[in-house]
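**Student:** I'd like to ask some things about the structure below.
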Amino acid sequence: MDWSELKSVCENCTACPLCKTRTNLVFGTGNREADLMFVGEAPGEQEDKTGIPFVGAAGQLLDKYLAAVGIERDDVYIANILKCRPPYNRDPLPEEGDACIGYLREQVKLIRPKMIVCLGRISAIRLIKPDYKITREHGEIVRRGSFAMTAVYHPSALLRDASKKEDMFRDMKKIKAYLDEIKK
Ligand code: URA
């Protein structure tokens, strides 16, 4: 599948009921040749309105961390496990994740990033391992075939608990250093 085929398949997807309640598909955004890819959980209200991932309060905080460590948002690719918003921002249901994850895998195949960063526990559980413990394992870099993976706290968790911000800054600096190192 190429990008336009994939986008059209997603736009026409009826594999789970979220296609009926969403306003816009939130396909993903950014550099399709990125070395670095971020994967969140699911679109929220602002993302559903605009069709762009991470544009609400959590996204604005993510932008601050990217800027603070010298990563341009335009250089990375940002997507979610789910491409449609769950009503009232509830956690994605396992069957919604199952229905949608194949599209993310196609995006990864097309981008071929050098590193995938899971934003939050739900993404890490889905992409790294089912028993991922975000408080213990955030920032640990693991190799998976042709790319590396890690997870950081979800920006909305930082909005709720400012004591996590120091860890987030440290993890983001580590991610930037890893990318700089592999580009040498
Ligand atoms: N939270 C997410 O996980 N993804 C978004 O796109 C926005 C908020």
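**Student:** Debye sum, Cα scatterers, the stretch 1-103, no solvent: what log₁₀ I/I(0) at q = 0.11, 0.20 1/Å?
**Tutor:** So the normalised log intensities are -0.32, -1.02.
**Student:** Using DSSP loop states and a limit of at most 14 other Cβ atoms within 10 Å to flag GluC sites (Glu not before Pro), what is the longest stretch of the chain containing no flagged site?
**Tutor:** Here the longest run is 73-139.
**Student:** Rg (Å, one decimal) plus Dmax (Å, integer) for the alpha carbons of the chain?
**Tutor:** Rg then Dmax for the chain, in Å: 15.3, 47.
**Student:** Figure the gain on full extension for Thr21 and Gln60 (residue separation times 0.36 nm, minus the Cα-Cα span) and round it to one decimal in nm.
**Tutor:** Net length gain for the segment: 11.6 nm.
**Student:** Please identify every one of the trypsin sites (Lys or Arg not before Pro) in the stretch 36-100 that sits in a loop by DSSP and has no more than 10 other beta carbons within 10 Å of its own beta carbon.
**Tutor:** Arg90
**Student:** How long, wide and thick is the stretch 83-175, going by the Cα atoms along their three principal axes, in whole angstroms, largest first?
**Tutor:** 36, 35, 22
**Student:** Along the charge dipole of the chain, which of Leu127, Pro43, Val9 sits closest to the positive end, that is, farthest toward it, with unit charges on the beta carbon of Lys, Arg, Asp and Glu (+1, +1, -1, -1)?
**Tutor:** The listed residue farthest towards the positive side: Leu127.
**Student:** Can you compute the helix-only [θ] at 222 nm over the chain? Use -39500 (n - 2.57) per DSSP H run of at least 4 residues, normalise by all residues, nearest 500 deg cm²/dmol.
**Tutor:** Calculated mean residue ellipticity at 222 nm is -13500 deg cm²/dmol.
Where a number appears in this text, it was derived from the coordinates with a stated rule and is not lab data. The model shown is predicted, which means the values in this text are computed figures rather than measured ones. All Cβ positions, even for glycine, are placed from backbone atoms using ideal geometry, and neighbour counts span all protein chains on display.
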